[in-house]
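Visitor: This structure is in structure tokens; I'll ask about it shortly.
The values are calculated or read from the model by the stated rules, or taken from the named source; none is laboratory data. Every value quoted in this text rests on a predicted model; they were computed, and no experiment measured them. Note that each Cβ is placed from the backbone with ideal geometry, even for glycine, and that neighbours are counted across all protein chains shown.
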Amino acid sequence: MRFLIRAKIPTEAGNKMVQDPNFLKNIEDYMSKAKPESAHFFAADGDRTMGFIVNIESNDQIPALLEPLFQGMNAKVEVHPVMNFDDLKKGLSKNR
């Protein structure tokens, strides 16, 4: 099932992270493990924020996907099931 992982990094922690020469490599390492369908980087509520669309087949995958964000980036993490347009059309057609 497709999920959005949204990680908000508090400003102070984010300021330290971007000064680290390994910052981009750490994100690349995370993405190579999470294998996101897409990755997006933006500001939300004044904090650096990352959004990853990932496929989670089983709940036991969740800790491996979230702990690096909690521990390695001091992020506030949210996980939301999401649909693309085809999923929405398919779901609505079952409702008719």
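Visitor: List the residue pairs whose Cβ atoms are under 9 Å apart, where the first residue sits in region 3-14 and is at positive phi, the second is among the acidic types (D, E) and surrounded by 20 or more Cβ atoms within 10 Å (Cβ to Cβ), and the two are 6 or more positions apart or on different chains.
Guide: none
Visitor: Moving on to the next point. Suppose the filter is among the hydrophobic types (A, V, I, L, M, F, W, C), loosely packed, with under 11 Cβ neighbours inside 10 Å and farther than 11 Å from R6 by Cα; does A34 pass it? Show your work before the answer.
Guide: Details: among the hydrophobic types (A, V, I, L, M, F, W, C): yes; loosely packed, with under 11 Cβ neighbours inside 10 Å: no; farther than 11 Å from R6 by Cα: yes.
It is false that A34 is among the hydrophobic types (A, V, I, L, M, F, W, C), loosely packed, with under 11 Cβ neighbours inside 10 Å and farther than 11 Å from R6 by Cα.
Visitor: Also, I was wondering about something else. Out of D60, D47, D29, which single residue is loosely packed, with under 10 Cβ neighbours inside 10 Å and of a type outside the set (G, A, S)? Explain how you work it out, then say what you get.
Guide: On the way: D47 fails: loosely packed, with under 10 Cβ neighbours inside 10 Å; D29 fails: loosely packed, with under 10 Cβ neighbours inside 10 Å.
Matching residue, one of D60, D47, D29: D60.
Visitor: Can you pull out every residue in region 19-42 that is part of a helix (DSSP H, G or I) and in contact (Cβ under 8 Å) with a residue 24 or more places away in the chain?
Guide: Start the filter on region 19-42 by keeping residues that are part of a helix (DSSP H, G or I), which leaves 19, 23-34.
Result: N26, Y30, K33, A34.
Visitor: Kindly list the number of the only condition in (1) closer than 20 Å to N26 by Cβ; (2) charged (D, E, K, R); (3) at pLDDT below 95 that fails for E67.
Guide: Looking at each condition in turn, E67 falls short on (3).
Visitor: Right, something else. Test V54 against the stated conditions and say whether it is of a type in the set (V, I, T), free of Cβ contacts under 8 Å to residues at least 60 places away in the same chain and assigned to a helix (DSSP H, G or I).
Guide: Details: of a type in the set (V, I, T): yes; free of Cβ contacts under 8 Å to residues at least 60 places away in the same chain: yes; assigned to a helix (DSSP H, G or I): no.
No: the conditions fail for V54.
Visitor: Let me ask you something else. Taking into account only those residues within region 37-96 that are among the acidic types (D, E) and under 30 Å from N15 (Cα atoms), which is farthest from the chain's Cα centre (by Cα)? Quick ask: steps written out before the conclusion?
Guide: Pass one, region 37-96, residues among the acidic types (D, E): 37, 45, 47, 57, 60, 67, 78, 86-87.
This time we only want the ones that are under 30 Å from N15 (Cα atoms), so: 37, 45, 47, 67, 78.
Working: E37: 10, D45: 16, D47: 14, E67: 11, E78: 8 Å.
Once the filter is applied, the top-ranked residue is D45.
One line per residue, one yes/no per condition, for (1) part of a helix (DSSP H, G or I); (2) touching a Lys or Arg at 6+ places or on another chain (Cβ under 8 Å); (3) charged (D, E, K, R):
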position	(1), (2), (3)
T49	no, yes, no
L66	yes, no, no
L69	yes, no, no
V77	no, yes, no
N95	no, no, no
